[in-house]
Ligand SMILES: *Cc1c(COP(=O)(O)O)cnc(C)c1O
């Protein structure tokens, strides 16, 4: 018999593995958060998992479907994070599951660089077709976002014969030894892990809410830095997230990205779009670069590409991709057949289920709901983003839009409250000042309304706590 979660008793630890949850698309909290079984698992984890690995909310997951995850205590959460933008087409999407099962039965691994297979080639064809730009494109497949960034840098260096790598302020590119030097924030990504890779330069970005610059003005500022501090003749690549992820979903001013690309092209610099978080239908287009009319030389994908399976790619201009010597690119698990089969199913589902349209729908519904909240609460400084990649930046109360001072305390309180009430809500922002909405495209409008009502309550509770603290301190 399946457990339909109609009873209120928590599930016994022995039943975790065997319990067949029926995941309904609704929020349901039936224990304290974390519940007793999660708490017991957390104790086991503390003994054997490195403290360097954190968890936003220590509820241990038993099952997930669509936009809902269920923990081992039977609590159901509306997932507004999708494992940080990975399960974009929904948890355990049927066609992805079927493709992975079928591929696993055929073969699981041969290593493409030993004996190749069609699935790898098909993923490269789909990437060539759907990434921006009408020119011959080629790909290399690897395992993770950071590995895609590392390969993008290698490929650009080989092609240009130059050393320097430029990134933008507020960037995030990964946790490997090279990429930790490419992130804006030292803490927690680089602090104590040095020495950092050399020849990495951090240029000013476009952050319209704070800098007030037009795209053209911001581009002049960035290019002046690249030209004066590095010099084009030493610059191999400029790596840019079209919408910055961890930095806080900053949407650059119109014209900024094409102006940078124009300068890079004129100066022989490879411009690389890090679409690891923003790509694969998330923003309402296949790739967020398309919102800005930007046609990058290379595009990096990972996160949402294979429905939750580990896969990443560097895709771009054939002449740049072909500059590497045979054997220079690859890796044991790169382009794993099961991950490739899942990725093919993801591309098919985007077409078959009009997922670009679903991302647009989610963006509209979130914008409507968040605008109502912004009209109610002055700590919401800005709503920004595209499609299923939206964020609110929180500022200090009583000052509205004028000072724009980061309000990390509110971000933390609201995301904690949301977790306690069945909504998984990610934070972001260089100053911990952003709440981001990065749901799967399976999120219905009614779940959006329900989740936003929890966030409404969370902001009200935070405001009430502040008022109470002020009243107490004035006596
Ligand atoms: C997550 C992310 C990365 C790193 O990807 P991993 O798979 O975690 O290594 C790089 N760039 C961006 C924009 C990301 O969001």
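The values are calculated or read from the model by the stated rules, or taken from the named source; none is laboratory data. Source: prediction; values computed, not measured. Note: ideal-geometry Cβ built from the backbone for every residue, glycine included; neighbour counts use all protein chains shown.
Tabulated data for the structure shown
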{"item": "So residue 400, is it at pLDDT 95 or above and on the phi > 0 side of the Ramachandran plot", "result": "no"}
{"item": "Failed item, numbered, when residue 326 is tested on (1) touching a residue at least 12 places away in the same chain (Cβ under 8 Å); (2) more than 13 Å from the ligand (Cβ to nearest atom)", "result": "(1)"}
{"item": "Residues satisfying the stated conditions in region 124-136, i.e. buried (at least 22 other Cβ atoms within 10 Å of the Cβ) and either more than 24 Å from the chain's Cα centre (by Cα) or within 16 Å of the ligand (Cβ to nearest atom) (or both)", "result": "131"}
{"item": "So residue 175, is it away from the ligand (no atom under 13 Å from the Cβ) and surrounded by fewer than 24 Cβ atoms within 10 Å (Cβ to Cβ)", "result": "no"}
{"item": "Some residue of region 79-89 being away from the ligand (no atom under 16 Å from the Cβ), under 22 Å from the mean Cα position of the chain (by Cα), modelled with pLDDT of 95 or more and assigned to a strand (DSSP E or B)", "result": "yes"}
{"item": "The one condition in (1) in contact (Cβ under 8 Å) with a residue 40 or more places away in the chain; (2) surrounded by fewer than 24 Cβ atoms within 10 Å (Cβ to Cβ) that residue 414 fails to fulfil", "result": "(2)"}
{"item": "Which listed residue is in contact with a strand residue (DSSP E or B) (Cβ under 6 Å, 6 or more places away or on another chain), modelled with pLDDT of 95 or more and farther than 30 Å from residue 104 by Cα, from 295, 383", "result": "383"}
{"item": "Test: residue in region 47-58 that is over 20 Å from residue 420 (Cβ atoms) and in a helix (DSSP H, G or I)", "result": "yes"}
{"item": "Residue match in region 226-235 (condition: surrounded by 21 or more Cβ atoms within 10 Å (Cβ to Cβ), in contact with a helix residue (DSSP H, G or I) (Cβ under 7 Å, 6 or more places away or on another chain) and under 24 Å from residue 428 (Cβ atoms))", "result": "no"}
{"item": "Subset tally (residues that are under 23 Å from residue 144 (Cα atoms) and not in a loop (DSSP other than H, G, I, E, B)) for region 90-100", "result": "7"}
{"item": "Index of the failed condition, residue 344 passing every other in (1) outside any strand (DSSP E or B); (2) more than 28 Å from residue 90 (Cα to Cα)", "result": "(2)"}
{"item": "Evaluation of residue 121 against (1) touching a residue at least 12 places away in the same chain (Cβ under 8 Å); (2) away from the ligand (no atom under 16 Å from the Cβ); (3) over 25 Å from residue 255 (Cα atoms) (one fails), failing number", "result": "(1)"}
{"item": "Any chance residue 69 is under 19 Å from the mean Cα position of the chain (by Cα), free of Cβ contacts under 8 Å to residues at least 60 places away in the same chain and over 26 Å from residue 317 (Cα atoms)", "result": "no"}
{"item": "Entirely in region 182-296, the strands (runs of 3 or more DSSP E) that have 2 or more residues that are away from the ligand (no atom under 16 Å from the Cβ) and in the same structural domain as residue 138 (by TED's automatic domain parsing)", "result": "200-203, 235-240"}
